[in-house]
Structures are given as C-alpha cells and as structure tokens.
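First up is the structure itself, then whatever we jot down about it.
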Amino acid sequence: MTGWRTQRLADVILDIKDGGTPSRSNPSYFGGAITWCVVKDIQPEIHASAEYLTPSGLANCSAKVWPIGSVIISLGATIGEIGIAKVPVATKQGLAGIVPNPERVTSEFLAYALHEQVNTIRAMARGATIKEVRPKRLADELLIHTPPLDEQRRIVAVLDEAFAAIATATANAERNLANARLSGRLALESLLSRLVAECDEVEIRELAEIESGAGFPDRFQGKADEAIPFFKVGDMNTPGNETIMTAANHTISEITRSQLRARVFPVGSVLFPKVGGAIATDKKRLVGVPCCVDNNVMGIIPNPEKLDATLLLQLMVNKPLKEFSNDAGLPSIRKSTVAAWRVRVPKELETQKLLAERLTDIAAAVSDLTEKYGRKLHSLNELKQSLLHRAFSGELSEREPIPA
C-alpha cells in the first residue's frame with residue numbers, strides 16, 4: 001500500500017454540517033427551486049428531491065446548500081445512506097453534507113470509503129431514544145485510508161464497474177424472487193378458486209372450535225421437565241417451530257393446567273398471535289404435540305371428522321391475520337370474528353387431504369425458490385462488502401469477476 005495515508009475524516013475534507021427543516025406551519029417555505037434532500041432521496045447520485053425549499057425556507061432553518069460533488073450521508077434515525085450531490089442540494093436534519101478537499105480525496109473515493117466503514121459509523125451513534133452520529137464526532141474520530149489521487153481514481157473505476165455488474169445481478173435475482181412469489185400465488189389462487197365453484201361456503205365454526213389461551217403467571221413459568229408443553233408467542237420463533245410447534249420453553253403439570261384452567265390444544269390445531277404487534281408478523285403454526293398456550297395466542301381446533309388439519313393450516317397461511325384484527329390502538333383478534341370466517345372446503349376428508357398435499361407442494365416450491373434467490377441476494381451483498389474491504393486494503397485487481 002505504497003503512498004497510502006491514514007487520516008481523520010476532518011483532515012481530508014473542507015466542511016461537514018448537519019441539515020435542517022423549516023417550520024411546516026409556513027407554506028411559503030416550501031415549493032421553491034432549492035433541492036432539499038431527505039433519506040428517501042439519497043441515491044448513489046442525487047439529482048432531485050421530493051420536496052424543494054424557497055429562499056425564505058432555507059433562510060429560516062439550519063440547512064445550507066451543498067455544492068455539486070458534496071457527499072451526503074444520513075447520520076440520524078437511519079444511519080449510513082450515502083450519495084453524491086450532482087446538483088446543489090440542502091438537507092434535512094440528520095443528513096450531513098461533506099465537502100471533500102479535492103487535493104486529498106475525490107468525492108467518489110470518499111463515498112466508497114464511507115460505505116466501507118458504515119458499521120464503524122453506526123457504532124458511533126449515541127442517544128437515549130433515537131441514536132445519531134454528530135457530524136463533528138464523525139469528522140474527528142473516523143479514520144480514512146487514502147492513496148494518491150491517481151490510485152483513488154483507479155479504485156473508483158474498478159468499483160464502479162463491479163458495482164454496476166452487481167446491481168444488474170441483484171435486479172435479476174429480485175425479479176426472479178418476485179416472479180417465484182407471483183407464480184406461487186397464482187397457482188394457489190387457481191387451486192383455491194376451484195373450491196369456490198365446487199364447494200359450499202360455511203363458517204369455520206361449523207368445522208372447528210376457536211379457543212383462546214390461558215393466563216400464565218410468572219410463578220408457573222420456566223419449568224422444562226413437566227408433562228405438558230406451554231407455548232407462548234415467542235415459541236413460534238424457536239428453531240424447528242417454523243411450521244409445526246414441538247419445542248416449548250415452558251412446561252406445566254396436569255395439576256398446574258387444572259389450576260390455570262388451560263385448554264389442551266390437540267395435535268393438528270393451528271395457533272396464531274391474537275394481540276398487539278405480533279399480529280402483524282402473520283405467523284401461523286400447526287400443533288405437533290398436545291399443549292397449552294398463553295392468553296396472547298388463539299387456536300383453531302379442527303373437527304377431525306370434518307376438516308383436515310393440514311388443509312386448515314394452508315387456508316390460514318393464505319388468510320392474513322390483519323383481516324381478523326380490529327383497528328384499535330392495541331390491535332386484537334376476537335374469537336367471534338374468527339368463528340365467522342367463511343371458507344370453502346370439500347366435504348370428503350380424502351379430497352381435503354389431496355388438496356392439502358397440493359397446496360403444501362406449491363408452498364414448498366415457492367419457499368425453496370425464495371430461499372434460493374434470498375441466498376443469491378445475500379451473497380451479492382457480501383460480495384460488495386468484500387470488494388470494499390479489498391479496495392481499502394490495497395488488494396483490488398483491475399477487473400473483479402462478478403457472478404451473473
């Protein structure tokens with residue numbers, strides 16, 4: 001790394017400062033011609049913004065206009081979004097503008113250098129509620145490794161070419177992922193639409209019981225060797241419980257179950273969260289062992305003579321929990337709402353089982369493709385970080401192979 005220097009950010013820039021926001025109560029401050037950047041406006045190259053300030057708006061807040069070539073970085077609630085101003089731009093508070101010293105660092109090299117150290121920057125954040133990085137702290141404490149300007153330009157050229165190829169590969173993977181999900185949804189809709197024509201519609205209460213869980217005081221929790229698993233919402237996140245619930249963090253005895261007046265949910269019941277933000281996770285799980293559940297969980301217990309458990313799970317997977325939930329400040333799901341859910345299923349259990357197998361096969365195929373393209377996207381992101389690390393370790397070759 002001949003000619004490389006390690007310096008504070010402050011030593012390679014001319015200016016750094018936070019932005020500002022004029023009062024929203026004065027409409028004359030907005031709608032002008034001054035580009036005013038917020039986090040969602042940050043792109044690798046910043047050419048425009050969703051909102052613009054007037055001269056009076058700029059004069060009545062702490063924002064300033066940064067010249068073309070300034071590096072814009074988010075240091076507030078969202079830390080680490082980085083772009084280069086291609087037009088003069090002001091910023092909201094939480095977004096800092098940085099003017100590189102052209103004798104020491106190019107705008108493009110500095111932007112890549114900040115990307116490479118984004119985890120270090122995030123670790124500088126302070127704050128009781130919203131963590132942020134103050135521009136002065138960033139300038140004084142962040143160390144930047146810089147080679148001579150010609151080498152900076154070479155590195156930027158190699159990274160630009162590699163990142164463009166990664167962007168293309170990422171777009172392809174995202175498109176394939178979207179297509180896989182769409183194909184799966186269309187296949188499911190096609191299969192389920194046949195039920196509309198072939199099966200009578202009934203309320204789920206005619207095919208199953210709807211039950212809520214029981215209160216679970218702290219003094220009964222934490223036992224691991226009793227006879228009856230006691231599931232809480234958090235158990236839905238336990239490895240191995242992604243589809244069928246078998247592993248519990250708590251167990252209870254029959255005596256405790258009687259004290260709690262807790263219902264035993266049989267194998268084949270379908271569980272889901274019924275209170276608060278957990279509803280938005282849209283988790284549904286099949287019971288794999290007889291169990292009890294706490295009062296943040298609700299379950300549907302299929303009548304084994306009328307409804308196949310696996311088919312019930314697949315119907316639930318395709319029913320967003322938010323459609324059961326009320327709109328209160330603390331969302332919740334009522335038993336009566338779930339009981340009134342109207343479904344169409346074949347009357348014959350054997351036909352139900354065949355349908356459940358087909359729905360499960362479609363869901364599994366979509367899951368496999370989703371995992372495949374998810375891994376692809378993850379590996380592409382890791383490749384970007386690897387390239388940045390090598391670039392700032394002086395190990396970047398002229399051309400870097402990028403997977404298609």
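Got a number for residues in segment 243-278 being touching a residue at least 40 places away in the same chain (Cβ under 8 Å) and either in a loop (DSSP other than H, G, I, E, B) or hydrophobic (A, V, I, L, M, F, W, C) (or both)?
Residues flagged as touching a residue at least 40 places away in the same chain (Cβ under 8 Å) and either in a loop (DSSP other than H, G, I, E, B) or hydrophobic (A, V, I, L, M, F, W, C) (or both) within segment 243-278 amount to 20.
Filter segment 1-16 down to the residues that are under 22 Å from L95 (Cβ atoms) and touching a strand residue (DSSP E or B) at 6+ places or on another chain (Cβ under 6 Å), then identify the one that is surrounded by the fewest Cβ atoms within 10 Å (Cβ to Cβ). Working first, answer last.
The first filter runs over segment 1-16 and keeps only residues under 22 Å from L95 (Cβ atoms), leaving 8-10, 12-16.
Filter again for touching a strand residue (DSSP E or B) at 6+ places or on another chain (Cβ under 6 Å), leaving 9, 12-16.
Details: L9: 23, V12: 20, I13: 20, L14: 14, D15: 16, I16: 19.
Per the criteria, the residue is L14.
In segment 215-246, what residues are of a type in the set (A, V, I, L, M) and either closer than 15 Å to P266 by Cα or surrounded by 18 or more Cβ atoms within 10 Å (Cβ to Cβ) (or both)? Don't jump to the end; show me each part of the working.
Looking only at segment 215-246, we keep the residues that are of a type in the set (A, V, I, L, M), and these are 224, 227-228, 233, 236, 244-245.
Matches in segment 215-246: A227, I228, V233, M236, I244, M245.
Going by the structure shown, is S49 part of a strand (DSSP E or B), touching a helix residue (DSSP H, G or I) at 6+ places or on another chain (Cβ under 7 Å) and either within 17 Å of Q152 (Cβ to Cβ) or at pLDDT 95 or above (or both)?
Details: part of a strand (DSSP E or B): no; touching a helix residue (DSSP H, G or I) at 6+ places or on another chain (Cβ under 7 Å): yes; either within 17 Å of Q152 (Cβ to Cβ) or at pLDDT 95 or above (or both): yes.
It is false that S49 is part of a strand (DSSP E or B), touching a helix residue (DSSP H, G or I) at 6+ places or on another chain (Cβ under 7 Å) and either within 17 Å of Q152 (Cβ to Cβ) or at pLDDT 95 or above (or both).
Does A280 count as surrounded by fewer than 19 Cβ atoms within 10 Å (Cβ to Cβ), over 31 Å from the mean Cα position of the chain (by Cα), over 16 Å from V345 (Cβ atoms) and not charged (D, E, K, R)? Write out each step before concluding.
Numbers: surrounded by fewer than 19 Cβ atoms within 10 Å (Cβ to Cβ): yes; over 31 Å from the mean Cα position of the chain (by Cα): no; over 16 Å from V345 (Cβ atoms): yes; not charged (D, E, K, R): yes.
The answer is no for A280.
Restricting to segment 378-396, give me the number of residues that are loosely packed, with under 15 Cβ neighbours inside 10 Å and more than 14 Å from E151 (Cα to Cα).
Residues of segment 378-396 loosely packed, with under 15 Cβ neighbours inside 10 Å: 378-379, 381-382, 385-386, 389, 393-395.
Checking the rest, the ones that are also more than 14 Å from E151 (Cα to Cα) come to 378-379, 381-382, 385-386, 389.
Within segment 378-396, residues that are loosely packed, with under 15 Cβ neighbours inside 10 Å and more than 14 Å from E151 (Cα to Cα) number 7.
Got at least one residue in segment 328-344 being aliphatic (A, V, I, L, M) and over 29 Å from P217 (Cβ atoms)?
Of all residues in segment 328-344, those aliphatic (A, V, I, L, M) come to 328, 330, 333, 338-340, 343.
The next check asks that each one be over 29 Å from P217 (Cβ atoms); those that pass are 340, 343.
Yes, because at least one residue in segment 328-344 is aliphatic (A, V, I, L, M) and over 29 Å from P217 (Cβ atoms).
Where in segment 113-202 are the helices (runs of 4 or more DSSP H), entirely inside, with at least 2 residues that are outside the structural domain of D18 (by the TED database) and under 30 Å from L313 (Cβ atoms)? Give the derivation first.
On the way: elements: 118-123, 135-141, 149-198.
Helices (runs of 4 or more DSSP H) meeting the threshold: 149-198.
Evaluate the following for S74: is it outside the structural domain of H389 (by the TED database), of a type in the set (S, T, Y) and within 13 Å of Q43 (Cα to Cα)?
Working: outside the structural domain of H389 (by the TED database): yes; of a type in the set (S, T, Y): yes; within 13 Å of Q43 (Cα to Cα): yes.
Taking the combined requirement at face value, the residue satisfies it.
Residue check: is K319 exposed (fewer than 15 other Cβ atoms within 10 Å of the Cβ) and farther than 14 Å from A187 by Cα? So that I can check it myself, show each step before the final result.
Numbers: exposed (fewer than 15 other Cβ atoms within 10 Å of the Cβ): no; farther than 14 Å from A187 by Cα: yes.
Taking the combined requirement at face value, the residue does not satisfy it.
Can you work out which of the residues in segment 322-354 that are of a type in the set (A, V, I, L, M) and modelled with pLDDT of 90 or more is farthest from P304 (Cα to Cα)?
Step one: filter segment 322-354 for residues of a type in the set (A, V, I, L, M), giving 328, 330, 333, 338-340, 343, 345, 349, 354.
Filter once more, keeping what is modelled with pLDDT of 90 or more: 333, 338-340, 343, 349.
Details: I333: 24, V338: 19, A339: 17, A340: 19, V343: 16, L349: 9 Å.
This residue is I333.
When the residues of segment 338-353 are filtered to those that are hydrophobic (A, V, I, L, M, F, W, C) and surrounded by 14 or more Cβ atoms within 10 Å (Cβ to Cβ), which remaining residue is farthest from V275 (Cα to Cα)?
First, the residues of segment 338-353 that are hydrophobic (A, V, I, L, M, F, W, C): 338-341, 343, 345, 349.
Remaining after also requiring surrounded by 14 or more Cβ atoms within 10 Å (Cβ to Cβ): 338-339, 341, 343, 345, 349.
Numbers: V338: 14, A339: 17, W341: 18, V343: 23, V345: 28, L349: 32 Å.
Result: L349.
The values are calculated or read from the model by the stated rules, or taken from the named source; none is laboratory data. As the structure is a prediction and not an experimental result, all values here were calculated from the model. Glycine also receives a Cβ, built like all others from the backbone with ideal geometry; neighbour counts cover every protein chain displayed.
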